[in-house]
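Only one structure is covered here, and it is reproduced in the block below.
Bear in mind these aren't lab numbers, they're just calculated from the coordinates by the rules spelled out. This one's a predicted model, so the numbers in the text were calculated from it and none came from an experiment. Ideal geometry is used to build each Cβ from the backbone, glycine not excepted, and the neighbour counts take in all protein chains shown.
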Amino acid sequence: MTAFESYLGPYRWERIGYVGVPFSAGAMEHATSIHIGNSYLNGTLDYETLIAHELSHHWFGNLVTCRTAEDMWLNEGWAVFCESLYQEHLYGRTAYDMNMRTNLNQVIFNTHVQDGAYYAVAGVPHSITYGSTVYDKGATVAHSLRGYLGDIIFFSMIKSYMQTKAYGNQSSAEFRDFITQFSGINMNDFFDAWVFSPGFIDFTVDSFAVVGQVGNQYLVRVDMRQSLLHKTNYANSNRLPLRFWNTNGSFVDSVIEFSGAKGFQSYYFNFVPSQVTLDPAQTYAGAFIQYSEYMHVNDNKTFDLAYYKHKINQAIDSTYFQIIHHFTAPTTEGITYAGLHLSSKRYWTVNYVGQTNDVEGYFRYWRTAQWDSDIITNSADSLVLLYRPKGGVPWQKVNFEKQGNWVVGWLKVNHLLSGEYCLGVYDADYLGTTNSRSEQAVSFHVFPNPSDTDFAFFTNYQQPAIVEIRDINGRWVDRIKINNGQAKWKPTDLKTGTYLVVLYDENEQIIANTKIIYEGKK
Ligand SMILES: [Zn+2]
């Protein structure tokens, strides 16, 4: 109650009630009488975020209700966001940040799989009124709105909204217009990009340079770029926090505003910045995940959601470090290597202040359904690591040591540099290498096919193997084990259509594939 009253304004109901009821799935936030499954009220804090979630609906949902089912993110996205606010109040900002990072990672990887497509948080179809887009992505949008407005405007706006719109209902557009009116900031561009259109936005500091000097003031130009993940239009009126670092470790914070794919802004400082870091507190839930911290000698740290780890052999005291994992394709400029193509899905930005640090960096590669499957297709692939000091210049191969098998592992760099890193692979044709196992040697049949109920898979490959089913766009559907050359699969909740079926061996190597047609109805 203390947390929510401080963030959202006074509790407006005559009492608080929680009623334990004999059901096992979640809870319902009836005003003053929250019904919650008995198993969640077990005397521990295991379900504290669920208990907090339901209470927060006494603001988002009960006090101001979403106008239509299509606006459900105004209830549920905000209630999920409130789970993290509650944790921030109790355990500090680090707990909030960890929650947001974990949620963002799962939204980028899973929400479109669970909901069947990339949807905007507003205007969702009725089949996913209570889906992950509404709940989990909705929470990321609330977080980004907080970043966009800053805490002072954001929380005073929420309190005013709760007071002004109490016991009424609001659409997403009305909420937008309320914020515009309250803050004086035109919210049309933000809502178009983050609320009314699907997909994700990625930002990068492309480069920075001193371009002039007046007395002891240096004119510093910063160039930004924007990349998109399953999104068609670039976001406009972006306002992003930048941190300008002096070589002595001090810094100045500022903001850059730009629209479209590229933009720049110039600043005057009385020092030459040695580094510019973007959004060091990750106030935006874009298509990137970042970690920032000070380095210490002998640190051995894994930044799991940046798919990166490092070991610090030598560092200047209080050296600041930032790693950003981008879930968008790296840009390419200038000459690339013949026969080499870069990852179409991700790359990293590494920033640290000062260049004399001795850091071993480890970059994760992983051939899974949505990750490096575009570049790691078989065991003959020749994975390489590329580097460039900034945007706008060609990528160059760097020396690395590969630790792991062909499916998953780390690429280790002995002397990490500030700049961008990405994965690439040579075309099999270019290298003259092919999959060592002939696909024709393995038979793979399906019966019945087409089918409106079950499918049975048969192969002459007698070792334990895996059958993976995907839709025609390559989206993951299901995965089952196949033993002694036979397996049965019963689709659940599957749309009529054609599906791809891939047979993998135990090392995740493709040994055969085929197609099936499902004629059941959904
Ligand atoms: Zn809820």
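Amide H of Ser171: which non-local residues (sequence gap of 5 or more, or other chain) have their own amide H closer than 5 Å, using H built in the peptide plane?
Excluding prolines and chain starts, which carry no amide H, the hits are Arg67.
Cα extents of segment 2-194 along the three principal axes, largest first, in whole Å?
46, 39, 34
Amide H neighbours of His30 under 5 Å, at least 5 residues apart or on other chains, H built in the peptide plane: list them.
Counting only residues 5 or more places away or on other chains, the set is His35.
Can you sort Arg93, Arg364 from fewest to most other Cβ atoms within 10 Å of each residue's own Cβ?
Arg93, Arg364
Among DSSP beta bridges lying fully in segment 2-194, give the percent that are antiparallel, nearest 5.
20 percent
Express the Stokes-Einstein translational diffusion coefficient of segment 439-518 in µm² s⁻¹, to the nearest whole number, given a Kirkwood radius over alpha-carbon pairs, 10 °C and a viscosity of 1.306 mPa s.
Translational diffusion coefficient: 127 µm²/s.
With the contact rule set at Cα under 8 Å and sequence spacing of 6 or more, what percent relative contact order holds for the chain?
With pairs under 8 Å counted, the relative contact order is 8 percent.
Please report how far the C-alpha centroid of segment 17-78 lies from that of segment 218-239, rounded to the nearest whole angstrom.
With segment 17-78 and segment 218-239 each reduced to a Cα centre, they are spaced 38 Å.
Under a point spin-label approximation (7 Å from Cα along Cα-to-Cβ), what is the Ser6-Ala281 distance to one decimal in nm?
About 1.5 nm, to one decimal.
As a footprinting exposure proxy, order Lys390, Lys481 by other Cβ within 10 Å, with the fewest listed first.
Ranking Lys390, Lys481 by Cβ neighbours within 10 Å, fewest first, gives Lys481, Lys390.
If you put +1 on each Lys and Arg Cβ and -1 on each Asp and Glu Cβ, how big is the dipole of segment 2-194 around its Cα centre, in Debye rounded to 20?
Its charge dipole is roughly 220 debye.
Dipole magnitude of the chain about its Cα centre, charges +1 at Lys/Arg Cβ and -1 at Asp/Glu Cβ only, in debye to the nearest 20?
380 debye
Compute the Kirkwood hydrodynamic radius of segment 124-194, taking the inverse of the mean of 1/r over all pairs of distinct Cα atoms, and give it in Å to one decimal.
The Cα-based Kirkwood calculation yields 13.1 Å.
Using the charge dipole of segment 439-518 (Lys, Arg: +1 at Cβ; Asp, Glu: -1 at Cβ; taken about the Cα centre), state which of Ala465, Tyr499, His445 has its Cα farthest towards the positive end.
Tyr499
Using Cα pairs closer than 8 Å and at least 6 residues apart in sequence, work out the relative contact order for segment 1-149, in percent.
21 percent
Sequence gap at least 6, Cα distance under 8 Å: using those rules, report the relative contact order of segment 185-278 to the nearest whole percent.
It comes to 30 percent, rounded to a whole number.
Please work out the Cα center distance from segment 283-305 to segment 84-159, rounded to the nearest Å.
Between the Cα centre of segment 283-305 and that of segment 84-159, the gap is 20 Å.
Select from Thr49, Phe109, Met162 the residue farthest towards the positive end of the dipole of the chain; place +1 on Cβ of Lys and Arg, -1 on Cβ of Asp and Glu, and compute about the Cα centre.
Of Thr49, Phe109, Met162, it is Phe109.
Between segment 450-522 and segment 379-423, how many Å separate their Cα centres?
34 Å
Please find the FRET efficiency linking Glu401 to Glu506, where r is the Cβ-Cβ separation and R0 is fixed at 25 Å, and quote it to the nearest 0.05.
0.45
List, in order, the whole-Hz ³J(HN,Hα) value for each residue of segment 257-264 obtained from phi through the Karplus relation with A = 6.51, B = -1.76, C = 1.60 and θ = phi - 60°; use x for Gly and Pro.
10, 7, 10, x, 5, 9, x, 8
Rank by packing, highest mean first: peptides 140-148, 103-111, with packing defined as the count of other Cβ atoms within 10 Å averaged across residues.
My ranking of the peptides, most packed first, is 140-148, 103-111.
Expressed in nm to one decimal, what extension gain is obtained for the pair Arg239 and Arg67 from 0.36 nm per residue of sequence separation less their Cα-Cα distance?
Contour length minus Cα-Cα distance gives 59.0 nm.
Given the rule -39500 (n - 2.57) for each run of at least 4 DSSP H residues, summed and divided by the residues of the chain, what is its mean residue ellipticity at 222 nm, to the nearest 500 deg cm²/dmol?
Computed mean residue ellipticity for the chain: -6000 deg cm²/dmol.
Hey, can you grab everything whose amide H is under 5 Å from the amide H of Ser382? Only 5+ residues off in sequence or another chain; H modelled, so Pro and N-termini drop out.
Tyr426
Which net charge results when you count Lys and Arg as +1 and Asp and Glu as -1 among the other residues whose beta-carbon is under 13 Å from that of Arg475?
Result for the local shell: -1.
Can you give the log10 of the normalised intensity I(q)/I(0) at q = 0.09, 0.10 Å⁻¹, computed with Debye over equal Cα scatterers of the chain?
Computed log10 I(q)/I(0) values: -0.78, -0.95.
What ³J(HN,Hα) values, in whole Hz, does the Karplus curve 6.51 cos²θ - 1.76 cosθ + 1.60 give for segment 445-456 when θ = phi - 60°, with x put for Gly and Pro?
For segment 445-456, the Karplus curve yields 10, 10, 8, x, 7, x, 9, 10, 10, 9, 10, 10 Hz.
So what are the ³J(HN,Hα) numbers for segment 237-248, from phi and the Karplus equation (6.51, -1.76, 1.60; θ = phi - 60°), rounded to whole Hz, Gly and Pro as x?
Here the 3J(HN,Hα) series is 6, 6, 10, 10, x, 10, 10, 9, 9, 8, 4, 7 Hz.
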